[in-house]
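The values are calculated or read from the model by the stated rules, or taken from the named source; none is laboratory data. Note that the structure is predicted; figures quoted are calculated from it, not measured. Every residue, glycine among them, receives a Cβ derived from its backbone with ideal geometry; neighbour counts consider all protein chains shown. Each accessible area value is taken on the protein alone, full model and side chains, heavy atoms only, with ligands, DNA and RNA left out. Shrake-Rupley method; radii C 1.70, N 1.55, O 1.52, S 1.80 Å.
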Amino acid sequence: MKVLKFGGTSVGTPESLRSVKNIVESCDERVIVVVSALGGITDRLIATAREAEKVSPGYQDMFREIIDRHHAMTEEMVPADERAQVILAIDALFKELSDIYLGVSLLRELSERSLDRVVSYGERLSSTIIEHVINGAVLRFSPSFIRTTRQFGRHVLDNDLTHRCIASEFAEAPERITLVGGFISSDEQGHITNLGRGGSDYTAAILAAELRAETLEIWTDVDGFMTADPRIIPSAKVIDELSFVEAMELCNFGAKVIYPPTIYPVFHRNIPIYIKNTFNPSYPGTRIADIENLSKEPSAGGVSSISDTCLLRVKISDSAVQEATESRMINALSRNGINVFLTSRPAGCFEICCAISASSLPAARSALLAEFSSELETGEMPPLSVSDNLATIALVGENINPDETVRRKICSALHEAKISPVTLPAGSTDSTVSFMVEMDNRVKALQAIHRAFFECGY
Ligand code: ADP
Ligand code: ASP
Ligand code: MG
């Protein structure tokens, strides 16, 4: 059995959906197919909700466009004898959505719960249509078995409940092609939730891991995992093979091709992932698996970046408290669910720095104020400072961190491009070396690193 996930662009137009149909129908084993909303629809659902909240009359037109797009897809792709039934089903969903938009505009308030409901219609609509496009597909409602709980103000997967729900849902699943809408889930109270933007990849990985699939295939709009984001670096090349760890690091550092939490569940079960192009299905794509670099030679896999990061700076009185302060800082941040991308101790100054995303700055500030309250009160520690508008760039590859030449090569590539990094290249794991630059230098720095490691031989 294998799990195939098709993203928004893959199900965005009749032409791409025809390709999806061919790919799925030509599989001869049992498959679980996970689909996203039609490309761009999640953004439109959110934008329409925001207009409804402002009671802007334009929201009706935006809503109409969403309806028209799904009707047009149904007209073009669903066989004539099933079309009326599908129109009836999607119109019932549009009636519910229309009531929600009306409620939002009457109350002039868009709560998180309402927005979670609104965005869920993207996958509910796409999967309702696609069930009638792929011959033999049987649709199962993912919120009944992908279950979330709340942690640090976010929906996170409830592993135990999801495990039990998937076991019971799929105990008897005789169909050869199961279709599932990705991204959407439900919480303990039965409210519709989701796994976060880009979360359909995660739905597919959870199902692959729970049902012990042989492979997980992520079908998208590029030929595979590339050495950099092809929109920023047009000369980026497809990577034939990546280890789970390399792929996980690249995604954690912003490679959008896979939603970061996706890799762990399949890594845990040693299920290989293939990244494939819906628009070029015969291309082999990228294989992500438990690949061991037996030679232990350093080899760069790819470079990625996270925009909008900031650097929290804590001053210390002397080097004796450096280690203890750094671990208190990291622990306080992680206890509050804040992801630290890198830490740095700039040479020559008594300071500890942690890179976090700008959106978590308020929570991070409160966590550190609480952690260091006594030192701050007595004046033993000067007030925290923050440098913002930064980007974090990561070069990822097996065994590159212990290799001093990699860091030197990064520094000289940045020097040649006339960029002074905000933090010096440093490794967080054996396979990652990362540094920060001003946001304005992000693209230039990515280009410089890509040129040095992937275009000039390494
Ligand atoms: P989908 O709708 O299929 O989920 P996404 O837009 O989420 O697709 O992810 C695919 C996109 O990820 C590609 O079109 C590409 O622009 C971007 N991307 C960013 N980094 C990389 C990378 N290292 N390799 C491949 N694609 C990348
Ligand atoms: N439709 C959702 C989004 O746009 C989930 C996904 O595409 O993976 O974020
Ligand atoms: Mg995606």
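General observations
- Rounded to 10°, Cα long-axis angle of helix 58-77 versus longest principal axis of the chain: 60 degrees
- If the convex hull is drawn through the Cα atoms of the stretch 306-458, its volume per residue in Å³: 112 Å³
- Each residue, E214 and N135, gets one label point 7 Å from its Cα in the Cβ direction; the gap between the two is 2.2 nm.
- For V422, distant residues with modelled amide H under 5 Å away: M436, V437, E438
- Neighbour-limited loop hits for chymotrypsin sites (Phe, Trp or Tyr not before Pro), the stretch 93-161 (at most 15 other Cβ within 10 Å; DSSP other than H, G, I, E, B): F141, F152
- Centre separation in Å (Cα based) which lies between the stretch 243-262 and the stretch 130-154: 23 Å
- As a calculated quantity, the FRET efficiency between E438 and K54 at R0 = 45 Å, using C-beta atoms, amounts to about 0.85.
- Compactness check for the chain: Cα Rg over 2.2 N^0.38 Å is 1.06.
- Distance from the Cα centroid of the stretch 106-123 to that of the stretch 358-404 is 34 Å (rounded to whole angstrom).
- Computed per residue of the chain from DSSP H runs no shorter than four, each worth -39500 (n - 2.57), the mean residue ellipticity at 222 nm is -12500 deg cm²/dmol.
- Degrees, to the nearest 10: 200-210 long Cα axis against longest axis of the chain: 90 degrees
- In the full protein context, the chain carries 44 Å² of accessible surface per residue, based on a 1.4 Å probe and ignoring ligands, DNA and RNA.
- Amide H contacts of G301 (H built 1.01 Å from N, under 5 Å, at least 5 apart or other chain): V396, G397, E398
- Expressed in units of 2.2 N^0.38 Å, where N is the residue count, the Cα radius of gyration of the stretch 17-107 is 1.32.
- Angle in degrees between helix 14-25 and the longest Cα principal axis of the chain, rounded to the nearest 10: 90 degrees
- Subtracting the Cα-Cα distance of D318 and E175 from 0.36 nm times their residue separation leaves 44.9 nm of extension gain.
- The Kirkwood hydrodynamic radius of the stretch 207-352, based on inverse pair distances between different Cα atoms, is 17.7 Å.
- Sites excluded, GluC sites (Glu not before Pro) in DSSP loops with at most 10 other C-beta within 10 Å, longest stretch of the chain: 293-458
- The chain, accessible surface, carbon-and-sulfur percent (1.4 angstrom probe): 50 percent
- Rounded to 5, percent antiparallel among DSSP beta bridges of the chain: 60 percent
- Among the lysines of the chain, pairs at least eight places apart or on separate chains and with Cα atoms under 27 Å apart come to 24.
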